[in-house]
Structures are given as structure tokens and as C-alpha cells.
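Working notes, beginning with the structure itself.
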Amino acid sequence: MPCILIADDHPLFREALKVAVLRVLPGTTIVEADHADALFAAAEANPQADLLLLDLNMPGVRGYGALVHLRAVRPQLPVVVVSAREDPITMRRALDHGAAGFIPKSADTRTIHLALDAVLMGGTWAPAAAATVKGISSEEAQLARRVRELTPQQLRVLTMLGDGLLNKQIGEILKISEATVKNHMTEILRKLHARNRTQAVLLAARLALDPADVKAPPEEGN
């Protein structure tokens, strides 16, 4: 039987999605994650997983960041985005960033069944509306390739920068020294081809669902 990872920070929706999956695929092994660190740990601990059902709004990562990162470290793991954001642009961006499918959170059990069957058989599935809009720009695709080079810890640091946190605050949260945070920042700037913290955050904002929500970081040394 398949092993499916479910990543969503809302316990009630995780439970509802788990029930829906077990209804169409009885006996499935399900591993749950409610934030980015738990998701990355689950993906590493379950290399046999057949599928990941991923919410785009996960604590610890912004927008398409988790999807982009996982496509780099686990390219063999199909990812189906399950989101309350059901507009065609969001769907298309998810597919262009490597998702094998997109299931709206409003989908019924029959739709979930169709999507899971298609992806587990090696195909793709998304609402027809996803094909009605243009794909991502070459600039966004290039940025995604650069973000794929970040380690999980560097992705966490970049996300926290976007939340407006200082190096000291980031270090306290991650339980690492401020010097280590600065070393991560140096690598982030190098990998993103960014000149400074502000440019790195603005670049990362292009992968957010709502770029306007990303805050410019406080000015300080790397």
C-alpha cells in the first residue's frame, strides 16, 4: 500500500484529508507534518513515500519555497498541492514549480480520488482552469533554480529575514550563534546572486503567494 505524507498546519483539515485519502485508498500509511521543519524531517525519514500532499501556507516557509526545495532534495517524490487558493494563477505556478498536481481544498472525495489515482500512476492532475493562464516568467523559474541550492537551514533563515527578524533573533529561534546566522547569510547571498539582505528578501518574495506580505529586513551586517 502507498505511503502518503500530509503537510498542513491546520489539524482539522489534516484529519479531513486523511479521512478522504483512506476512503479512496484504504490501508494507506499516512505521515503528518504541521510545519516546515516537520515536513523536511518526514520527507527524509520516509524515502519510500509515494506522494506528498502539501499546503502552500506552512509555518516556517513561504509560498512555493517548500515545493521548490523538496523538488531539489527529493525529485522522485511527487508533490500534490492542496490549497484554499483556487485561482488559476496559483494553480499554474504550483505546476510550473514542479507539483505533479493541484487539488482545491473545496474538492469532493471523487475529485481527490481522480487526482490521487492520476499522480500515483505517474501522471499529473489539476483543474482545467490551470491551463487557461500563462506559465511563470523565466525570471521566476531562474530564481526557483537558485532557491533549490539552499539548505533547509538557509531556507529557514531566509524566511525569517522576510518576517523582519534580526540576526540575533534568528539565532535565538534556531538555537545557533549569531556568527552561524551570518555565515548562512553569506551563502544565501552567494546562491541567490544577491548583493545584500534586502535584495535577497525581495528575490524570495517572488516565490510568495502574496509578495506584498514580505517585509524588508532591518539593515545590519550579514
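For this structure, a couple of remarks:
- Shape class of the range 76-133 from the Cα gyration tensor (axes a ≥ b ≥ c, square roots of the eigenvalues): oblate, since a/c reaches 1.5 or more and a/b does not exceed b/c.
- Label-point separation in nm, Leu166 to Arg145, each point 7 Å along Cα→Cβ: 3.8 nm
- Degrees between helix 178-192 axis and first principal axis of the chain (Cα, 0 to 90, nearest 10): 70 degrees
- Between Ile173 and Leu114, the distance separating the two model label sites (each 7 Å from Cα on the Cα→Cβ line) works out to 4.0 nm.
- Total charge dipole magnitude, the range 3-132, about the Cα centre, Cβ charges on Lys, Arg, Asp, Glu only, Debye to nearest 20: 260 debye
- Tilt relative to the chain, helix 109-120 - C-alpha long axis, 0 to 90 degrees, to 10: 70 degrees
- Cα gyration tensor shape of the range 1-132, rounded if a/c is under 1.5, else prolate or oblate by comparing a/b with b/c: rounded
- Structure-derived Cα extents along the principal axes in Å: which label, when the choices are [x] 73, 41, 32; [y] 44, 40, 34; [z] 53, 37, 28: [z]
- Nearest-0.05 FRET efficiency for Ala84 and Met121, computed from C-beta distance (R0 30 Å): 0.70
- Charged-residue dipole, Cβ positions (Lys, Arg, Asp, Glu), the chain about Cα centre, Debye nearest 20: 540 debye
- Amide H within-cut-off set for Trp125, under 5 Å, with H built and near neighbours excluded: Gly101, Phe102
- If you run the Gaussian network model on the chain, springs between alpha carbon atoms under 10 Å, then out of Val147, Val19, Val79 the most flexible one is Val19.
- With Cα atoms, 0 to 90° folded angle of helix 36-45 axis to the chain main axis: 60 degrees
- Evaluated over the range 97-222, the count of Lys pairs having alpha-carbon atoms less than 30 Å apart is 12 (only pairs 8 or more residues apart or interchain).
- Placing R0 at 30 angstrom, the Cβ-Cβ distance between Asn183 and Arg23 gives a FRET efficiency of 0.05 after rounding to 0.05.
- Taking amide H positions as modeled 1.01 Å from N, with prolines and chain starts lacking one, the residues under 5 Å from Val82 and 5 or more places away or on another chain are Leu54, Asp55, Leu56, Ile103.
Every number in this text was worked out from the coordinates using simple rules, so none of it is lab data. Keep in mind that what you see is a predicted model, and the values were worked out from it rather than measured. Note that we place each Cβ from the backbone using ideal geometry, even for glycine, and neighbour counts take in every protein chain shown.
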